[in-house]
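Right, one structure below, let's go through it.
Every read-out reported here was derived from the displayed coordinates using simple, explicitly stated rules and does not represent laboratory data. What you see is a predicted model, and the numbers here were worked out from it, not measured in a lab. Cβ: placed from backbone, ideal geometry, glycine included. Neighbour counts: every protein chain shown.
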Amino acid sequence: MRHWPPGQQLHQGKYLIEQILGCAGFGVTYRAQNLKEGKAVAIKTLNANVQGKPNFRELQTKFVNEALSLAKCSHPHVVQVYEVFPEMAGNIELWCMVMELIDGIDLASHLEDNGILPEEKALPIIQQVGSALSFVHKQGFTHLDVKPQNIMLRQRGLEAVLIDFGIARQVTAPGKLRTNSNSGTECYAPIELLEKRAELGACTDVYSLAATLYVMLTGELPFPSQFRKQNIPLTPPKQFNSEISDRVNAAIMKGMELEPQNRPQSVQEWLDLLIPKPAAAETTRVVSAVGMDYINLRNLLAAKKWKEADEETARVMCKVANREEEGWLDRESIEKLPCEDLLTIDQLWVHYTNGHFGFSVQKRIYESLPKNYKIWEAFGDQVGWRIKNKSDIYHSWLEMSPSPKGWSLEAPPGNLPKLSTSRRYLNGLSYLCALNPAHDGWRRLLERLVDCNI
């Protein structure tokens, strides 16, 4: 099979191919319509060239592993996988990966069209990708191919999304990964990846992320690491662009140290070198359309007091909506919640949990689910708000604790904020301070998040 033509139906008529979005060395990606849900998606599969290779089955296994890697990484800045399914293409069973269709272009194309970026635009993109990588690493994976071509930028606000986990490999022991992968793009690949050493890990992605920033700020490709091993030094980026600050120049050079042990050993450690920490939380105010003070929420999140932060989130949302006396949010008040405040609350949760919790995480999970009458049960199961009983059939909603894992980062992605820990009593009925997960309120809030592009 060469390529599926427009109009081709897949997965028993669920998807309709519209056009080819791109064809790379191994894969081909299509734009398609999910006819059952009425939304556009991307479908990726192995291309015709790979289908003819003698080791096709091995390559397809790697492809499916890519889908499994992504499916475990629900994060605002990681491309979302909805499902995988097999499809017969002639006499070949071809596996397909259905993904979020990102409305935007890749970073490499953006740089080609617009030139290099100033620090104030480049650093937020790197910080978003760094947040995604930190989350990916916590799930036990390393990307191994971070580069501008694998970073998509949404049209709204240059929001970054990390894609293409084609050579990601699961950690088998601390500091070691399976290494039967290709070696990425050489200008972005550190020496341990090119030499296929065993000591691959977070610092491998640190090198590639630093190299990506190098290119974003200079427009120049750094010397490949195997050449640097022949005593060819890495040219500091500031020599190409004098506008680069000393701090950023030093952070890039440190992140691109030739030997892995000399680099920061985590993405967050490198980001701390790159981006100055904000002023002390006690004196910092964040954006609010109504003058709300979020210092206490920031402090609670920074201290990892997740239960108290959830209660504080419910409190400030009621106050922003002028519903303190009522103690709960009705449909009208939800629809009027200021986008600035919702974005601030979300960014605080996402930042202090490395993308594990937050409104935007919950919204992406919600949008990935089939839109039917059981969507809330499915949502509750996904974020850990429901629990099976001993018969493993009936699911009950959890009330006082947000998940069986308790108030911790071991809870499923999107588990917090739950906004249901503070209670008020009215006419003998228990009203949640903000929203009940079984209520229509969460649906209204998620619709508001969509309106606000959060």
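Based only on other Cβ atoms within 10 Å, what is the fewest-to-most ordering of Val146, Val81?
Going from sparsest to densest Cβ surroundings: Val81, Val146.
Which ³J(HN,Hα) values, rounded to whole Hz and listed in residue order, are derived for the stretch 338-349 from phi using the Karplus coefficients 6.51, -1.76 and 1.60 in 6.51 cos²θ - 1.76 cosθ + 1.60 with θ = phi - 60°, glycine and proline given as x?
My calculation for the stretch 338-349 gives x, 4, 4, 6, 4, 5, 4, 4, 4, 4, 5, 5 Hz in order.
Report the one residue of Gly140, Ser109, Phe223 whose Cα lies farthest in the direction of the positive end of the charge dipole of the stretch 104-274 (charges on C-beta: Lys and Arg +1, Asp and Glu -1; origin at the Cα centre).
Going by the charge dipole, the pick is Gly140.
Based only on other Cβ atoms within 10 Å, what is the fewest-to-most ordering of Arg444, Arg154?
Arg154, Arg444
Compute the relative contact order of the stretch 9-100 as a whole-number percentage, counting only Cα pairs closer than 8 Å that sit 6 or more residues apart in sequence. Let's see the in-between values first.
Details: 149 pairs, mean separation 20.8, N = 92.
Across the stretch 9-100, relative contact order equals 23 percent.
Work out from phi, with θ = phi - 60° and the Karplus expression 6.51 cos²θ - 1.76 cosθ + 1.60, the ³J(HN,Hα) of each residue of the stretch 223-235, listed in order in whole Hz, and give x for Gly and Pro.
My calculation for the stretch 223-235 gives 4, x, 5, 5, 6, 4, 5, 8, 6, 9, x, 7, 6 Hz in order.
Each residue of the stretch 91-97 in turn: what ³J(HN,Hα) in whole Hz from Karplus with 6.51, -1.76, 1.60 and θ = phi - 60°, glycine and Pro shown as x?
9, 10, 8, 10, 7, 10, 10
List every residue whose amide H lies under 5 Å from the amide H of Glu257, counting only residues 5 or more places away in sequence or on a different chain, with H placed 1.01 Å from N in the peptide plane.
Amide H to amide H, under 5 Å and 5 or more residues apart or across chains, Glu257 pairs with nothing.
Starting from 0.36 nm per residue, how many nanometres of slack lie between Leu16 and Gln261 once their C-alpha separation is accounted for?
Here the answer is 83.3 nm.
Fewest to most neighbouring Cβ within 10 Å: what's the order for Leu158, Leu217?
Leu158, Leu217
Starting from the amide H of Ala89, placed 1.01 Å from N in the peptide plane, find each other amide H under 5 Å away whose residue is 5 or more places distant or on another chain.
Correct list: Leu94.
Name the residues whose placed amide hydrogens come within less than 5 Å of the amide hydrogen of Leu21, ignoring near sequence neighbours (fewer than 5 apart) on the same chain.
Thr29, Tyr30, Arg31
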